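Structure record follows, encoded as structure tokens.
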Amino acid sequence: MLDTVTAAPAPAAVLTPAPAAPATPGRARGSLHERTLALAEAVAAHRYELLEILVETATRTAAEDEINRSVRALAGAAWELERIRPPRYRRMSVFLPSNNVLYSYVLLGMIPSFYVDRIEVRPSSRTRPTAEAVHELLSRVCGSEATGHIEVVQATQKQFVASCASSEAIVFTGQFENGLDIMSRIGPQACFLVFGSGPNPVVIGPEAAPSAVQRSLITSRLYNSGQDCLSADLFFVHRSIIDDVLRGLRRALSAIPVTDRRLPGAVVSPLVYADAARAAETYIAESAGQVVHGGYTDAHSLLVEPTVLLHESCENLHPPEYFCPIYSLVPYDDAAEIERWAATPEERIRGMYASVFGEPRLTGPRLGTAAVLREVTTFDHEDGNRPFGGYGVQAGCVRGTDGELTARPLLLSAELTAWAQR
């Protein structure tokens, strides 16, 4: 059964080199480095064309950041691949997420194309036109070496799942339950990775620097109007500074206009998905007693203004992934309260990251199953050439040969290498 879960360290990167033509080590490194840098330069050179594509589903600010992250990941790909040395794979199937389409295409398509012969990508139905436009543009400007191995398929989920049976590796992004269902239908022969999401709580302790607090509150929640799996869904604030934090947050949010996402500097815009707007409207209405700032929604126009909810305690508080600019703040007196919250069954299965600012009593590398980030946000930490996520099974896991799911930070090249060495 696929419900047995273990947490384990990421696989060691002591790996078998991929088959390659004989060459001196220096030339091999230089050749790969030059090729990946050329791809990074091509993406950077066509940033304005990419912006026109990406702003259909992202704010301009988020789209600019996504392009920069994609350039950095491609520039770092030679370092990743030479360190890990993944073996050759014949075929891989990818369920592309609905957000960060370009960045996901780079991480799950362009970089793996150096060691996978054929990569079939099925975009989310929500952002298929964006994914197809990205593929078309990059095929034109990057050449066949990086994109000729990639096919953006037009298939129903049922059809795509059937075709996955011929792949040696499957990458699923999306709802965890859907991933388990697809995993059970495909069978055990392929390496199966699930990239999910988590609440990514931010802890603002009594020793937090005001400037870091202000920046973390804005960047960790409002990235693409909150429509990102790395956005924080819960903020623990020490009671001694809760009033100051609230005043600063209200002031900052009042200065951020809701604008067209295509405009330069756009931070908060109408949402992309109608179901996210409806869910936000319902949640805010049900939590009206906790609203201390904002609260206006219009599901018809997909508008959710930045809204702050102040909860009495974290007991039995397990907020959903909002995918919109809702802040859930909860005061705490002792870090032990947060540790108890993180140890609940509800949170252990979805531990991804936890950003900790100025809280000296949280000293461990994990908060429950969430990987602790110190004095940085999830967006500061994210690096496409390194493992991603925490130790909650819903945040990210890989299926072993015994059918068990192991939850850990995932890096595609390392996981495929470990699978080949099983």
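Summing charges over neighbours of Leu96, with a neighbour being any other residue whose Cβ is under 13 Å away from its Cβ, gives 0 when K and R count +1 and D and E count -1.
Please find, in a Gaussian network model of the chain (springs between Cα atoms separated by less than 10 Å), the residue of Gly390, Gly289, Gly198 whose mean-square fluctuation is greatest. Fluctuation is largest for Gly289. Rounded to the nearest whole Hz, the Karplus-based 3J(HN,Hα) values (6.51 cos²θ - 1.76 cosθ + 1.60, θ = phi - 60°) of region 153-170 follow the sequence 8, 9, 8, 5, 4, 4, 5, 5, 4, 4, 6, 4, 4, 8, 8, 8, 8, 10, with x at glycine and proline.
Semi-axes of the equivalent ellipsoid for the chain, computed as √(5λ) from the eigenvalues of its C-alpha gyration tensor and ordered from largest down, come to 36, 24, 21 Å. As a calculated quantity, the FRET efficiency between Ser31 and Val292 at R0 = 56 Å, using C-beta atoms, amounts to about 0.45.
Starting from the Kirkwood radius over alpha-carbon pairs of region 330-402, derive D by Stokes-Einstein at 37 °C in a medium of 0.692 mPa s and give it in µm² s⁻¹. Provide the component values of the computation, followed by the final result.
On the way: Rh = 13.1 Å.
Rounded to a whole number, D works out at 250 µm²/s.
Kindly identify region 221-294 as rounded, prolate or oblate by the Cα gyration tensor criterion: order the square roots of the eigenvalues as a ≥ b ≥ c, call it rounded if a/c is under 1.5, otherwise compare a/b with b/c, prolate if a/b is larger, else oblate. Mind showing how you got there, number by number?
On the way: a/c = 1.86, a/b = 1.32, b/c = 1.41.
Oblate shape, in that a/c is at least 1.5 and b/c is the bigger or equal ratio.
Summed over all non-identical Cα pairs, the Kirkwood treatment of region 278-339 gives a radius of 12.4 Å.
Using a/c under 1.5 as the rounded threshold, could you call region 176-299 rounded, prolate or oblate? The axes a ≥ b ≥ c are square roots of the C-alpha gyration tensor eigenvalues, and prolate needs a/b larger than b/c, oblate otherwise. Write down the numbers at each step before the final one.
Values: a/c = 2.03, a/b = 1.56, b/c = 1.31.
Verdict is prolate for region 176-299.
Site pair Ser184 and Ile256 shows an inter-label distance of 4.0 nm when each label is modelled 7 Å from Cα along Cα→Cβ.
Its alpha carbons give region 69-174 an Rg and a Dmax of 13.1, 37 Å.
Using all pairs of distinct alpha-carbon atoms, the Kirkwood hydrodynamic radius of region 202-381 works out to 16.4 angstrom.
Listing Asp65, Asp383, Asp275 from fewest to most neighbouring C-beta atoms within 10 Å gives Asp275, Asp383, Asp65.
Couplings for region 310-315, taken from phi via the Karplus curve 6.51 cos²θ - 1.76 cosθ + 1.60 with θ = phi - 60°, read 10, 9, 6, 7, 8, 5 Hz in order; Gly and Pro are left as x.
Sorted by mean Cβ packing within 10 Å, highest first, what order do the peptides 298-306, 350-358 take? Mind dumping the intermediate values first?
Values: 298-306: 18.0, 350-358: 25.1.
Ranking, from highest mean packing down: 350-358, 298-306.
Where does the charge balance sit around Cys164 when Lys and Arg score +1, Asp and Glu -1, over other residues with C-beta under 15 Å from its C-beta? Don't skip to the answer; put the middle values down first.
Working: positive: Arg90, Arg91, Arg118, Arg122, Lys158, Arg185, Arg399; negative: Glu120, Glu151, Glu168, Asp181.
In short, +3.
Please arrange Leu32, Leu102, Leu222 by how many other C-beta atoms lie within 10 Å of their C-beta, fewest to most.
Details: Leu32 17, Leu102 26, Leu222 23.
Going from least to most buried by this count: Leu32, Leu222, Leu102.
Between the listed residues Gln227, Ala255, Ile242, the Cα displaced farthest toward the positive end of the dipole of region 218-260, a dipole computed from Cβ unit charges relative to the Cα centre, is found at Ile242. From the Cα gyration tensor of region 59-104, with a ≥ b ≥ c the square roots of its eigenvalues, which class applies: rounded if a/c is under 1.5, or else prolate if a/b is larger than b/c, or else oblate? Here region 59-104 falls in the oblate category. Remark: the Lys158-Ser313 segment gains 51.5 nm on full extension, using 0.36 nm per residue and subtracting the alpha carbon distance.
Where a number appears in this text, it was derived from the coordinates with a stated rule and is not lab data. Note that this is a predicted model, so its numbers are computed, not measured. Cβ sites come from the backbone with ideal geometry, for glycine too, and all protein chains shown count toward neighbours.
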